Amino acid sequence: MTRLHYLWIALAVVLADQAAKALVVARFSYDTAIPVIPGLFRLVRVENRGIAFGILSDSSSPWTAAILILVSLAAMVLVGTLLWQNHPSARLAGTGLALILGGAAGNLVDRITRGWVVDFLDFYVGAYHWPAFNLADSAIVIGAGTLLWDLLLTRPARCKTVMSDK
């Protein structure tokens, strides 16, 4: 795959994420909870002013939003650089990086345009809830898992092949 393919993957993540969030904002009030799989999964509308798991969402500092935007931008530059430097044969790593880049960009769009991130996927068992999340968060987690898979399972095999050729 070329670098352009990876950018298309990242763009697809951003567009899907933003479309889903726009639908949630347009149709859900803050008390909406639509059961999809009763006892396990529902759709909700949550304003996350912090980061993962709502960390920093209670911060009263006027600098919190600006700092989160800057951290997001820095993360995107780092991931973009890694993606640019990724070897063309390392498709799994490239795909993982593209998913992370798209997810980070999707949440950054929210932070810049709304001042908070829209979360709407709510998984739970009884009274135990996983913090609500969105498609961008999902892409980041899947991308990180893909990178881990590549690092632990694919690269050691390539290293053994290279070492045995010497």
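Here are some notes:
- Answer from 42, 114, 49, 91 - the residue that is modelled with pLDDT of 95 or more and of a type in the set (D, E, K, R): 42
- Residue check for residue 118: part of a helix (DSSP H, G or I) and hydrophobic (A, V, I, L, M, F, W, C): no
- Segment 117-130 - residue that is surrounded by 17 or more Cβ atoms within 10 Å (Cβ to Cβ) and not aliphatic (A, V, I, L, M) and, of those, farthest from residue 30 (Cα to Cα): 122
- All positions within segment 120-140 that are polar (S, T, N, Q) and either under 15 Å from residue 45 (Cα atoms) or touching a Leu at 6+ places or on another chain (Cβ under 6 Å) (or both): 134
- Sole residue being more than 24 Å from residue 41 (Cα to Cα), more than 15 Å from the chain's Cα centre (by Cα) and assigned to a helix (DSSP H, G or I), chosen from 69, 112: 112
The values are calculated or read from the model by the stated rules, or taken from the named source; none is laboratory data. Predicted model only: the values in this text are computed from it and were never measured. Neighbour counts run over all protein chains shown; Cβ positions are idealised from the backbone, glycine included.
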